[in-house]
Structure formats: structure tokens, C-alpha cells
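Coordinate-derived values only; no laboratory data. This is a predicted model, so every value here is computed, not measured. Backbone-built Cβ (ideal geometry, glycine too); neighbour counts: all protein chains shown.
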Amino acid sequence: MDGGGQVSRGGSQVGQTLGTNNLKLLTDSAFEELKSFSVDGILPDLKDVAPGSLQDVLDTKNSLYYQWLCCLMRVLKPKQIVELGGAMGTSALCMLSQLPEDAKLYSATLEEHGLEFSYIKTNYPQLTKIIGDDSDMSIWPGDLDWSKTDLLFIDAEHTADAVRRELEMYIPLIGEGKLVLMDDIKMEELWPVWLEIDKPKIDLSVLHHSGFERFYHEARA
Ligand SMILES: C[S@@+](CC[C@H](N)C(=O)[O-])C[C@H]1O[C@@H](n2cnc3c(N)ncnc32)[C@H](O)[C@@H]1O
């Protein structure tokens, strides 16, 4: 994979647009990376994560997606990520563990009585923490260049209205050919939203099996 969220094969760039084939290539490459991935390497990044959340990262049967997310960073090499629903910061830490210093991660989450991003005690130069409601565009830094976003990770309010709104608001901002990850989309309320998406998409249910939760991703062609 080339840097900047572009998919390449054998060193030659396939293109900036993530069509079905490139999406599959990217997904397969992350799974391949996972085969040799050792979680030990990210434990220093997770040192301030609460035991229950750390257990989720270690649990490769029910929530393999945390480790897969690390591997996705290695193959996608994103320069800019926007996360909707950062919560205490577990998924952000998994991504940050793999990001070079010049990459950017903008993570937004609702105010939660001081718990927001509370697992992130280390100073990561890549991270911009935003505490606010993602329905309000004024929460984002004025200098955020949306077009540079390689990955949009949607994991905020799990209602159909909220996810539809996020897709409508944010996909036009990041533009075509970008990777979008969506968590928990197999919840009864969210499944129709997933079915509505008419772009290349891959069901990654195997990565997140906790009750009704699944993990998917979708890419704009
Ligand atoms: C499932 S958790 C995110 C988990 C996190 N991505 C992880 O894996 O570590 C969902 C979070 O989204 C936040 N959230 C819900 N609605 C939101 C909104 N409109 N804007 C920003 N964050 C929101 C909640 O406060 C909650 O912390």
C-alpha cells in the first residue's frame, strides 16, 4: 500500500478511488497483516485504558476489530482520519499506536462528565480531541482540510437517524474514493441504513461479534 490512503499493488498505484476490487485488496491486506500482528507492541499505548476496555482489545474472538484497526493503519497508511464517537479513546489509541507523527487524527465525542478521552493520557501530536456533538459543524477546527481525510470512522450514536445524518453530512465533505468504517451496523435499527448504501462495501462481521454488534466498512467509489 502506498501512503496517503492510496491502495497499491506490487508497488504500482492502483488508484486513489476505492472501488470494489481495491476495497477487497485493502481488506485482505489488513487480514494478512493481522496474521503476524502482536498485541504486545501496542500495550504501552494502552497503558491507561481501563481493564474492561483493554480486555476488549485483547479479545480476538468477540472484538477482533481493535487489532484489525491497527493492521488497517499499517496497510492504508492514512494521513488523516476523522473519528465520530471517540468515547474514552480505545479505538483512537489503537489507531494512534500505528500512526507516524505527521498523520492527523481528529476524534469527536460527546461530553461525558470528564470521561471523554480519559484513556489517552499520553500526548500524541497526531491527535486533536474534540468534545462536542457531531451534528454541529462548528465543533471542528477551522483549519481542518476535509478533503485530506483518508478514513472516516463512524461509531457515535447508534440510531438510524444519527447515522444517516452523519453519512449525509460527512461523506460529501471528505469526497469520493475514501474509506468509511462503520461499527455496530447490524443492530436492528442500523441494518437498513447499511443496506441503503449503494457504494462498494464489505461486511466484516467476523471482526466484532458481541451480541448484536458487527463491524463493517464501506468505501465510496
Ligand atoms: C460506541 S462509543 C465509541 C467507542 C469508541 N469508538 C471505541 O471503540 O473506543 C460511542 C460514543 O459516541 C459518542 N456520541 C454519541 N453521539 C454523538 C454525537 N452526536 N457526536 C459525537 N459523539 C457522539 C458517545 O458519547 C459515545 O462515547
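Relative to the Cα centre, what is the charge dipole magnitude of segment 12-217, using +1 at the beta carbon of each Lys and Arg, -1 at the beta carbon of each Asp and Glu, and rounding to the nearest 20 debye?
Here the size comes out at about 740 debye.
For the residues Lys178, Lys47, Lys77, a GNM of the chain with alpha-carbon springs under 10 Å puts the largest fluctuation on Lys47. Projecting the Cα atoms of Leu110, Leu127, Ser138 onto the dipole axis of segment 98-149, where Lys and Arg carry +1 and Asp and Glu carry -1 at the beta carbon, places Leu127 farthest toward the positive end.
What is the order of Val206, Val180, fewest Cβ neighbours within 10 Å to most?
Arranged by neighbour count, lowest to highest, Val206, Val180 become Val206, Val180.
Here the chain is treated as a Stokes sphere of Kirkwood radius computed over C-alpha pairs; at 37 °C and 0.692 mPa s its diffusion coefficient rounds to 189 µm²/s.
Name the residue from Ser36, Cys70, Ile174 whose Cα lies farthest towards the positive end of the charge dipole of the chain, charges +1 on Cβ of Lys and Arg and -1 on Cβ of Asp and Glu. Result: Ser36.
In this structure, Asn21 and Leu58 have a Cβ-Cβ separation that, at R0 = 41 Å, corresponds to a calculated FRET efficiency of about 0.80. Taking the Cα centre of segment 137-180 as origin and assigning +1 to Lys and Arg Cβ atoms and -1 to Asp and Glu Cβ atoms, the resulting dipole is close to 60 debye. For the residue pairs Lys104/Lys201; Lys77/Lys121; Lys47/Lys104; Lys35/Lys199; Lys121/Lys201; Lys35/Lys186, the alpha carbons lie more than 30 Å apart in Lys121/Lys201.
With neighbours defined as other Cβ atoms within 10 Å of a residue's Cβ, the residues Ile130, Ile202, Ile185 order from fewest to most as Ile202, Ile130, Ile185.
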